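Below is one structure, written out as structure tokens; comments come after it.
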Amino acid sequence: MLDERKTAILRAVVQEYVATGQPVGSTHIATLPSVKVSSATVRNEMAMLEQEGYLAQPHTSAGRIPTDKGYRHFVDSISPEGNLAGEQLSQVGDFFQAAHGRLEDLLRHTTTLLANITKHTAVVVGPEVENTTVRAIHISRVTPRTATVVVVLSNHGVENETISVSDGVTDEHFALAVQHLSRMLTDRSLADVDTVPSTNDAHVDSVCFATINALSKHRKDKPVFVGGAASLANAFDAVDVVRDVLTTIEQQFVVVTLLQDLLDRGLSVSIGAEHGIEQLSACSVIVAPVIADGETIGSVGVLGPTRMNYPQALNTVEVVSSQLGRHIAEGAS
């Protein structure tokens with residue numbers, strides 16, 4: 001454990017490096033009100049922090065920068081009761097007050113909100129389809145041999161699929177199929193739907209079977225939205241780092257697994273190599289669960305360089321995830 005003076009100096013180095021992106025010298029740190037010791041003392045303490053792995057010196061004549069270990073100590077020492085700036089808090093409140101419509105649109109726009117406030121890449125993972133119930137079913141003919149199935153879910157999600165039908169299926173058969181499916185599926189989870197009873201009409205049953213089959217592929221779907229990916233290109237000088245990071249976040253399965261793993265481990269912040277994904281070792285990830293009616297239904301996170309404003313990012317993720325969960329719960333009730 002670091003003593004109070006070393007902690008204050010490390011905190012000052014992290015804050016200055018986050019603000020400027022330049023190695024930090026002892027002379028500047030000694031002038032800060034939060035430190036209040038001589039330049040020589042700061043220089044000695046920074047040398048000790050470097051020996052202990054909290055700081056690094058990129059060049060012999062340069063100042064020092066935080067290591068992942070240094071960032072970790074800084075994050076662990078942050079007061080958990082931080083708040084968003086008034087303007088940003090109003091921005092979040094106004095957004096959710098005005099948010100209406102489909103869940104998919106809400107999640108997409110939430111990533112944009114989060115990315116705009118933090119200036120980092122934002123990720124929002126919504127609830128699995130199987131955890132919601134069916135509110136309504138619609139089937140519309142597209143061509144003589146195809147139709148579109150639209151299912152409205154209790155979480156405001158909308159699933160749609162194209163199904164194939166035989167030549168003999170008429171609009172009346174579609175109407176009867178909708179009636180039958182509505183009776184069988186309304187207020188039931190897609191996870192519970194494997195089949196529906198026969199209607200004793202081959203054409204109606206064929207439409208019902210095609211609908212159930214098409215919807216089954218969505219049972220484990222987790223909607224994933226990523227916003228602000230371009231900000232990562234501005235965060236790193238090395239082209240290969242940018243390429244690796246952007247390629248990795250394009251793989252939605254990797255992103256969902258990463259956020260869920262961090263939540264399962266009880267982490268809200270993962271710094272550098274802590275998350276175990278080599279391609280993202282230059283990044284930190286901040287994540288919070290989305291909770292609606294006491295149940296975790298998704299997650300909200302930001303991904304950016306290890307040189308990020310951790311207090312602001314942590315507070316933003318926490319406020320947005322809380323507001324999103326409350327909004328979804330209210331919309332589903």
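The values are calculated or read from the model by the stated rules, or taken from the named source; none is laboratory data. Remember, it's a predicted structure, so these values are computed and weren't measured experimentally. Because the Cβ atoms are built from the backbone with ideal geometry, glycine has one as well, and the counts that use them run over all protein chains shown.
Details
- Tally, over segment 172-191, of residues that are free of Cβ contacts under 8 Å to residues at least 60 places away in the same chain, farther than 13 Å from Ser206 by Cβ and surrounded by fewer than 21 Cβ atoms within 10 Å (Cβ to Cβ): 11
- On the stretch given as segment 127-167, residues that are under 30 Å from Ala229 (Cβ atoms) and either modelled with pLDDT under 80 or in the same structural domain as Leu258 (by TED's automatic domain parsing) (or both) total 12.
- Unique residue being among the small types (Gly, Ala, Ser), modelled with pLDDT of 90 or more and within 23 Å of the chain's Cα centre (by Cα) when the list is Ala115, Ala85: Ala115
- Any chance Pro223 is surrounded by 12 or more Cβ atoms within 10 Å (Cβ to Cβ), modelled with pLDDT under 80 and under 11 Å from the mean Cα position of the chain (by Cα): yes
- If you go through segment 21-47 and keep only what is assigned to a helix (DSSP H, G or I) and under 20 Å from His73 (Cα atoms), you end up with Ser26, Ile29, Val42, Arg43, Asn44, Glu45, Met46, Ala47.
- Going through (1) within 30 Å of Leu280 (Cα to Cα); (2) hydrophobic (A, V, I, L, M, F, W, C); (3) not assigned by TED's automatic domain parsing to the domain that holds Thr248 one by one, Val123 falls short only on (3).
- Residue that is surrounded by the most Cβ atoms within 10 Å (Cβ to Cβ) [pool: residues in segment 48-78 that are small (Gly, Ala, Ser) and not in a loop (DSSP other than H, G, I, E, B)]: Gly70
For every residue, the table says whether it meets (1) among the charged types (D, E, K, R); (2) under 20 Å from Ala147 (Cα atoms).
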{"residue": "Ser164", "(1), (2)": "no, yes"}
{"residue": "Thr170", "(1), (2)": "no, yes"}
{"residue": "Phe174", "(1), (2)": "no, yes"}
{"residue": "Ala177", "(1), (2)": "no, yes"}
{"residue": "Thr195", "(1), (2)": "no, yes"}
{"residue": "Asn200", "(1), (2)": "no, no"}
{"residue": "Ile212", "(1), (2)": "no, yes"}
{"residue": "Lys217", "(1), (2)": "yes, yes"}
{"residue": "Pro223", "(1), (2)": "no, no"}
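- In the set (1) touching a residue at least 24 places away in the same chain (Cβ under 8 Å); (2) surrounded by fewer than 21 Cβ atoms within 10 Å (Cβ to Cβ); (3) part of a strand (DSSP E or B); (4) not β-branched (Val, Ile, Thr), the condition left unmet by Asn160 is number (1).
- Condition met for Val254 (surrounded by 11 or more Cβ atoms within 10 Å (Cβ to Cβ) and β-branched (Val, Ile, Thr)): yes
- Unmet criterion (only one of (1) at pLDDT 90 or above; (2) in contact with a Leu (Cβ under 7 Å, 6 or more places away or on another chain)) for Ile277: (1)
- Selection count, segment 15-30, where residues are crowded, with 18+ Cβ neighbours inside 10 Å and among the β-branched types (Val, Ile, Thr): 3
- When Val124, Val149 are checked against the criterion of being in contact with an Asp or Glu (Cβ under 9 Å, 6 or more places away or on another chain), in a strand (DSSP E or B) and closer than 30 Å to Gln260 by Cβ, Val149 stands alone in meeting it.
- Across segment 100-121, the number of residues qualifying as hydroxyl-bearing (Ser, Thr, Tyr) and either outside any helix (DSSP H, G or I) or surrounded by fewer than 17 Cβ atoms within 10 Å (Cβ to Cβ) (or both) comes to 2.
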